Amino acid sequence: MEESETAEEAERMSGMVPMEDPVFRWGERVVAAVDLRNDGSFSGVGADEVVEPRGAEGEVVRIGFAPESRQIVYLVEFGDGRVVGCFEEELSGRGSDGSPAGPV
């Protein structure tokens with residue numbers, strides 16, 4: 001078995017999935033495409049309460065990977081200084097003229 005086949009087999013056996021290329025980049029302006037709700041991460045905010053409303057503008061400050069959901073997670077800093085973890089489908093990009101680029 002070739003080395004690449006061994007690595008692919010080990011990856012398949014481990015249940016790990018390689019991370020796809022992120023749609024958004026560090027420093028990119030984004031908009032909340034949906035109401036972003038508290039998943040329990042924010043103290044002082046009730047469970048399932050809106051932490052950032054649809055249309056809130058922010059900037060990607062970090063990109064990571066959530067192994068339990070096998071998804072890319074973007075840490076977005078919104079105008080009020082709050083940093084929220086978001087999945088791609090919860091964000092939309094900004095056009096070159098600053099207008100929303102539409103839902104992802």
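Hey, what does the equivalent ellipsoid look like for region 19-103, semi-axes from the Cα gyration tensor as sqrt of 5 times each eigenvalue, largest first, whole Å? Each step should come with its number before you reach the end.
On the way: eigenvalues 76, 55, 23 Å².
So the three semi-axes of region 19-103 are 19, 17, 11 Å.
With charges only on Cβ, +1 for K and R and -1 for D and E, what is the dipole size of region 19-103 about its Cα centre, in debye, rounded to 20?
Values: 8 positive and 17 negative charges, 30 e Å.
The dipole magnitude comes to about 140 debye.
If you add up the charges near ASP80, with Lys and Arg at +1 and Asp and Glu at -1, over every other residue whose beta carbon is less than 14 angstrom from its beta carbon, what do you get? All intermediate terms of the calculation are to be shown ahead of the outcome.
Working: positive: ARG82; negative: GLU52, GLU57, GLU59, GLU77.
Within the 14 Å Cβ shell, the charges total -3.
Laboratory data are not the source of any read-out in this text; all were calculated from the coordinates shown. Given the structure is predicted, the values throughout are model-derived calculations rather than measurements. All Cβ positions, even for glycine, are placed from backbone atoms using ideal geometry, and neighbour counts span all protein chains on display.
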